[in-house]
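These notes are about the structure you will find just below.
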Amino acid sequence: MKIAYLTDTYQPEVNGIVTSITNFTTRLAEAGNEVLIIAPKYNRKKDQPIPNITIKRYASFSFATNKNTHIAYPALLGIIRDLREFKADIVHVQTPMSIGVSGVIAARILGIKLVQTYHTYLPDFMVYVNPYNLLGVGKASELVTSSRVWKKIIESNAVEKFATFGGDTLKRSEVVRAINKQLRRTQKYRDGKTVSDRFAWDFTRILYGRSDIVFSPSIALAKLLTRHRVGVPSIDMSNGIEFHQFAKKKDYHIRNKMIYVGRLGLEKGVDVVVKAFAIAREKNPALRLDIFGEGPAKKELEVLIAKLGIGESVGFVGFVTRPTIKRALKQHDFFVTASTMETQGLVILEAMAAGLPVLGVDALAVPELVHDEQNGYLVKPRDPKEMAEAMLKLTESAARNKKFGQKSLEFAEVHDISNCVTKLESAYKKLLS
């Protein structure tokens with residue numbers, strides 16, 4: 001098969017979507033499939049030759065507040081040309097931004113089978129990101145309230161401006177026309193959250209409803225898409241992990257150390273983890289929190305940590321390589337996250353693959369991985385006090401932690417990348433037949 005992956009985030013950026021794309025495309029290519037990856041340019045990043053994989057890069061810009069993330073300028077005609085020359089059997093869109101939207105339109109124009117993966121829960125995500133800026137038509141800014149975001153979109157004709165970058169073909173596209181129509185309908189809803197939620201689901205139906213199949217990383221998200229009338233088959237498809245490449249935890253004696261790995265974004269709720277840690281540390285001063293990752297919320301977190309007076313017990317490790325993370329996981333008692341918008345939670349799966357108990361929140365797809373009192377604890381979202389109590393529980397008993405860790409391994413092995421690639425190839429072939 002010839003499969004084109006279109007994504008607005010790719011190497012050298014490090015996140016769950018990039019990891020998933022790399023894992024899947026590598027194994028698809030090893031199986032003899034031809035893969036085309038269309039992604040943004042990242043400064044002078046040079047791609048190394050990979051058998052059966054071709055990478056096309058498009059000019060992009062970055063945000064003043066986040067230099068690591070690049071958004072490609074819309075290039076519909078170039079993407080149409082690339083897909084036509086590649087003779088793609090399937091277009092697989094990974095993200096709903098400039099390259100992703102252009103990919104959806106290009107696939108419809110060329111009559112190519114279209115698959116999309118719904119990686120990000122848009123209703124929550126849109127509270128934190130101003131789509132006006134993501135489309136490249138406004139100055140990047142800090143977080144704004146959702147009501148102001150949508151008011152700005154509606155009054156500025158953002159999607160129409162986005163369309164002008166792509167020329168007449170993009171402006172005439174059914175996708176862009178549908179988005180503009182829905183934006184105008186949304187004006188009558190004045191409540192901020194109602195507006196953002198409504199627009200997010202309308203946008204989801206418009207964009208993802210153009211697919212032949214929508215994949216989602218979890219069963220919960222697949223059901224959610226069906227419930228919100230996306231209108232095409234929605235199939236749960238785990239992002240997969242390299243289960244056997246993770247060093248497994250064998251020594252469960254209590255070290256009083258917990259670990260967070262991931263992007264330091266406000267949407268990840270790391271501030272809740274920090275507040276919970278401060279509460280738990282009052283009862284157990286030996287506790288330590290290690291934070292692996294970078295992101296725009298780092299400065300705010302540093303201020304919060306200083307305000308709480310826990311700086312000597314919190315370590316910002318920063319960005320490290322994946323092999324380093326794989327080794328570091330097993331040196332901690334448990335993994336902790338307060339994110340409420342995990343569509344699967346790749347970092348959670350990776351912690352489980354290392355044999356760690358996990359502390360998470362009862363939201364979206366997290367309960368599919370974290371089974372309360374089986375391989376860790378689930379607590380209410382944004383409740384530092386309840387999370388602190390669970391932190392203390394996970395430093396009480398080595399025997400209980402070992403039991404949780406063994407369950408984590410059992411649950412994680414199902415998501416081994418080899419199983420996921422087999423399922424993905426089968427879905428592709430069924431679509432083509």
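Residue count for segment 383-433 under the criterion of being under 28 Å from Lys250 (Cβ atoms) and among the aromatic types (Phe, Trp, Tyr): the result is 2. Do you know which residues across segment 222-272 are part of a helix (DSSP H, G or I), open to solvent by less than 10 Å² (accessible area, probe 1.4 Å) and in contact with a Leu (Cβ under 7 Å, 6 or more places away or on another chain)? Val270 - this is the single residue of segment 222-272 that is part of a helix (DSSP H, G or I), open to solvent by less than 10 Å² (accessible area, probe 1.4 Å) and in contact with a Leu (Cβ under 7 Å, 6 or more places away or on another chain). If Thr95 satisfies every condition in (1) assigned to a helix (DSSP H, G or I); (2) under 15 Å from Ala39 (Cβ atoms) but one, which is the exception? Every listed condition holds for Thr95 apart from (1). Within segment 315-324, is there a residue that is β-branched (Val, Ile, Thr), over 19 Å from the mean Cα position of the chain (by Cα) and over 26 Å from Glu242 (Cα atoms)? No: segment 315-324 contains no residue that is β-branched (Val, Ile, Thr), over 19 Å from the mean Cα position of the chain (by Cα) and over 26 Å from Glu242 (Cα atoms). Name every residue in segment 1-40 that is farther than 20 Å from Ser238 by Cα and open to solvent by 40 Å² or more (accessible area, probe 1.4 Å), in order of residue number. Scanning segment 1-40 gives Met1, Lys2, Gln11, Pro12, Gly32, Glu34. Put simply, of Val379, Val358 the only residue that is over 17 Å from Ala412 (Cβ atoms) and in contact with a strand residue (DSSP E or B) (Cβ under 7 Å, 6 or more places away or on another chain) is Val379. When segment 322-346 is limited to residues that are in contact with a Lys or Arg (Cβ under 9 Å, 6 or more places away or on another chain) and of a type in the set (A, V, I, L, M, F, W, C), the one that is nearest to Gly376 (Cα to Cα) turns out to be Phe334. Looking for something within 16 Å of Ala247 (Cα to Cα), open to solvent by less than 20 Å² (accessible area, probe 1.4 Å) and touching a residue at least 40 places away in the same chain (Cβ under 8 Å) - is there at least one such residue anywhere in segment 385-404? No, segment 385-404 contains no residue that is within 16 Å of Ala247 (Cα to Cα), open to solvent by less than 20 Å² (accessible area, probe 1.4 Å) and touching a residue at least 40 places away in the same chain (Cβ under 8 Å). The set of residues in segment 362-380 that are assigned to a strand (DSSP E or B) and either among the acidic types (Asp, Glu) or open to solvent by less than 20 Å² (accessible area, probe 1.4 Å) (or both) comprises Asp372, Gly376, Tyr377, Val379. Between Asn68, Asn43, which is farther than 21 Å from Leu424 by Cα and not in a strand (DSSP E or B)? One residue alone meets the criteria, Asn43.
Within segment 214-263, being among the small types (Gly, Ala, Ser) and within 30 Å of Val93 (Cα to Cα) holds for Ser216, Ser218, Ala220, Ala222, Gly231, Ser234, Ser238, Gly240, Gly262.
The number of residues in segment 202-212 being in contact (Cβ under 8 Å) with a residue 40 or more places away in the chain and either open to solvent by less than 20 Å² (accessible area, probe 1.4 Å) or assigned to a loop (DSSP other than H, G, I, E, B) (or both) comes to 6. In segment 46-96, the qualifying residues are those that are touching a Phe, Trp or Tyr at 6+ places or on another chain (Cβ under 9 Å), of a type in the set (S, T, N, Q) and within 25 Å of Leu432 (Cβ to Cβ), and the one that is surrounded by the fewest Cβ atoms within 10 Å (Cβ to Cβ) is Thr54. Taking segment 380-400 as the range and being basic (Lys, Arg), under 12 Å from Ala276 (Cα atoms) and more than 26 Å from the chain's Cα centre (by Cα) as the test, only Lys385 passes.
The values are calculated or read from the model by the stated rules, or taken from the named source; none is laboratory data. Here the structure is a predicted model, which is why all the values come from computation and not from measurement. Virtual Cβ from ideal backbone geometry, glycine too; neighbours counted across all protein chains shown. Just so you know, the surface numbers come from the protein's heavy atoms only, side chains and all, with ligands and any DNA or RNA stripped out. Shrake-Rupley method; radii C 1.70, N 1.55, O 1.52, S 1.80 Å.
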